[in-house]
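> Before we start, here is the structure in question, set down as structure tokens.
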């Protein structure tokens, strides 16, 4: 699963990067620190999943989610936030899932693995057709 990580804070981005790199199912293809950079990287790398900080600077998060969906063929967008009350708004804006930054790391990995399984199954099916 090809992932772009977008967070403007260095420490959480480093911690998430370390966590993701420990999982063989995940391929962290890029990191962004602002919305504009994320959109450029998403177009370049065509990720399966974008792990997105809800406070990423540059564009309102709702608009950013819409632009990601318009730019990349159906990326999975998981928004991370400290404010659980914003989850409904973000899910209505097109986010596929919401994760609290206060959750245990294993919860995030379990959620990502849930999304990775259908993608890997689709890739395996496509390989069979090519052979």
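The numbers here are math on the coordinates, done by the rules we state, and not lab data. All of these numbers come straight from a predicted model, not from anything done at the bench.
> Can you tell me the 0 to 90 degree angle between the C-alpha axis of helix 105-130 and the longest principal axis of the chain, rounded to 10?
Helix 105-130 sits at roughly 30 degrees to that axis.
> Rounded to the nearest 500, what is the chain's calculated 222 nm mean residue ellipticity when only DSSP H runs of at least 4 contribute -39500 (n - 2.57) each, over all residues?
-16000 deg cm²/dmol, from helical runs alone.
> For the range 2-130, what percent of Cα pairs sit more than 23 Å apart?
26 percent
> Right, next: Starting from the Cα-Cα distance between residue 63 and residue 110, subtract it from 0.36 nm times their residue separation and give me the gain in nm to one decimal.
14.2 nm
> To test your reading of the geometry: what angle, between 0 and 90 degrees and rounded to tens, separates the Cα axis of helix 35-45 from the longest principal axis of the chain?
The answer is roughly 0 degrees.
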